[in-house]
Amino acid sequence: MPSRIVAGLGLSHVPSVGVAYDRGKMQTPAWKPLADAYVPVREWLARLKPDVAIVVYNDHGADFMFDQYPTFALGAADRYGIADEGFGTRPLPEVRGDAEFSAHLCETLIYEHEFDLTVCQELAVEHGFLVPMNLCFEHGKDGWPVAAVPLQVNVIQHPLPTARRCYKLGQALRKSISTYPRDLRVVILGTGGMSHQLQGKRFGFMNESFDQMFLDQIEADPDRLASLTHQQIMEQAGAEAVELIMWLVMRGALSPQARRVHRHYYAPMTTGMGLITFQED
Amino acid sequence: MGLTPIADTSIFDLRASRRGYRLNRMCGSLCSPANREDFKRDEEAYMNHFSLSESEKRLIRCRDFAGMIAAGMNIYFMLKIGSVTGNSLYRMGAQMRGERYEDFLATRNFKDAV
């Protein structure tokens, strides 16, 4: 049986969650609402028994500097180290990759679907990748319960790929996964957002009604979200909210029949932290 | 296709990135613990090593975060200089808003989630 996607998740990757996690603060009143929302999600994921997680995230100046900044970059390694983003290296085990699976994704995406990705044989993963991993999976001393494939998207230096392009990349990924001959169960995580702005006088801007609309539509009408321009997202949800285009990679990789399972929203400080999950039956 | 200005917002595009190239390059280097120690030991020498202009050096010396963004600093790279100088995201944010830190925190839904 070829590989298939069993689930997709849209979720935020706020760095303060990593700090709270490392300092054992997830059960404090400020973080408990978020921590509680993920308990059933981890149980659900454990039942689905995924082999590989494709994590769609963006670099925040850990791997890539502006001398060379790829629009889309895919990890093609057996292991990914933990990055120092400027605040020290988090005490987490390195992440197991699946280089054969990555090679298949690169070949099919580039040859058949004409997505000309940057291919990375060394990547050190950072909060954009690790916070979602922390929220979704429990790691042991030696590693994580799933292998992972990092898929990096430029959402920080305009021109960014369009929301539509991200959606199409997801659709292409679905086809690529379905032609991999090994029987892998794949989950895909679209990370980032929701509304936030981290610079200028508008620092701290959030828009819960936009975020709730996005959660509604990522389930009901993702094609409509794929028509949003960067300008529209930034005006309505803050400049850094453009990260949400990465959720469309995830949604594009799911079938129209995918069933929504969990949904949550929490906005304590400066970022609307959203969560939505879908299962393929 | 191009982006149009948004009030009180900086859009980090290629032109800003080009303008802020030296600043961002210096902040990117702070992903190494040894470099962070070098910066703390001698900021001026560190800035010279990255060929910062006099006005860029002044922004770093004054911890002028709004000025850094205007000079083409990327927010995620600014977090690295914030960390090494003891300025959290929220402290930098309060300064960019032109508010005291405590006043900024008072505008939040749950200010303990830091």
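Observations, loosely collected:
- Pairs, first closer than 14 Å to A:L244 by Cα and more than 7 Å from chain B (Cβ to nearest Cβ) in the range A:188-213, second surrounded by fewer than 24 Cβ atoms within 10 Å (Cβ to Cβ) and of a type in the set (F, W, Y), C-beta under 6 Å, six or more apart: A:S195/A:F210
- Qualifying residue in the range B:44-52 (condition: within 19 Å of A:G88 (Cβ to Cβ), more than 12 Å from chain A (Cβ to nearest Cβ) and surrounded by 15 or more Cβ atoms within 10 Å (Cβ to Cβ)): yes
- Of everything in the range A:137-157 that is within 14 Å of another protein chain (Cβ to nearest Cβ) and assigned to a loop (DSSP other than H, G, I, E, B), the residue that is farthest from the chain's Cα centre (by Cα) is A:Q157.
- Selection count, the range A:1-12, where residues are at pLDDT 95 or above and outside any strand (DSSP E or B): 2
- For the range A:257-274, the criterion of a residue being among the hydrophobic types (A, V, I, L, M, F, W, C), farther than 19 Å from A:I156 by Cα and within 14 Å of chain B (Cβ to nearest Cβ) is satisfied by at least one position.
- Among residues of the range A:114-131, those that are in contact with a Gly (Cβ under 9 Å, 6 or more places away or on another chain) and not in a loop (DSSP other than H, G, I, E, B), counted: 8
- Exactly one residue among B:S29, B:S17, B:S83 is without any contact (Cβ under 8 Å) to a residue 40 or more places away in the chain, facing another protein chain (nearest Cβ under 10 Å) and of a type in the set (S, T, N, Q), and that residue is B:S29.
- Identity of the residue in the range B:70-114, in a loop (DSSP other than H, G, I, E, B) and aliphatic (A, V, I, L, M), that ends up nearest to the chain's Cα centre (by Cα): B:M73
- Among the residues listed as B:R41, B:R63, the single one being farther than 17 Å from A:Q199 by Cα, of a type in the set (K, R) and more than 9 Å from chain A (Cβ to nearest Cβ): B:R41
- Where B:G67 falls short, out of the listed (1) surrounded by fewer than 21 Cβ atoms within 10 Å (Cβ to Cβ); (2) not in a helix (DSSP H, G or I): (2)
- Leading residue by the ranking (surrounded by the most Cβ atoms within 10 Å (Cβ to Cβ)) among those in the range A:52-101 that are small (G, A, S) and closer than 20 Å to A:W144 by Cα: A:G75
- Some residue of the range B:92-101 being among the basic types (K, R), at positive phi and more than 10 Å from every other protein chain (Cβ to nearest Cβ): no
- Residues in the range A:217-240 that are under 18 Å from the mean Cα position of the chain (by Cα) and away from every other protein chain (no Cβ under 14 Å): A:Q217, A:I218, A:E219, A:P222, A:L225, A:A226.
- Note on the range A:21-113: enclosed strands (runs of 3 or more DSSP E) holding 3 or more residues that are in contact (Cβ under 8 Å) with a residue 60 or more places away in the chain and either in contact with a strand residue (DSSP E or B) (Cβ under 9 Å, 6 or more places away or on another chain) or aliphatic (A, V, I, L, M) (or both) are A:52-57, A:72-75.
- Among the residues of the range A:102-115, the ones that are surrounded by fewer than 18 Cβ atoms within 10 Å (Cβ to Cβ) and among the small types (G, A, S) come to 1 in all.
- Residue in the range A:15-28 that is within 12 Å of chain B (Cβ to nearest Cβ), among the basic types (K, R) and more than 18 Å from the chain's Cα centre (by Cα) present: yes
- Among the residues making up the range B:67-77, those that are more than 8 Å from chain A (Cβ to nearest Cβ) and among the aliphatic types (A, V, I, L, M) are B:M68, B:A70, B:A71, B:M73.
The values are calculated or read from the model by the stated rules, or taken from the named source; none is laboratory data. From a predicted model like this one, the values you see are computed outputs, not experimental measurements. Note that we place each Cβ from the backbone using ideal geometry, even for glycine, and neighbour counts take in every protein chain shown.
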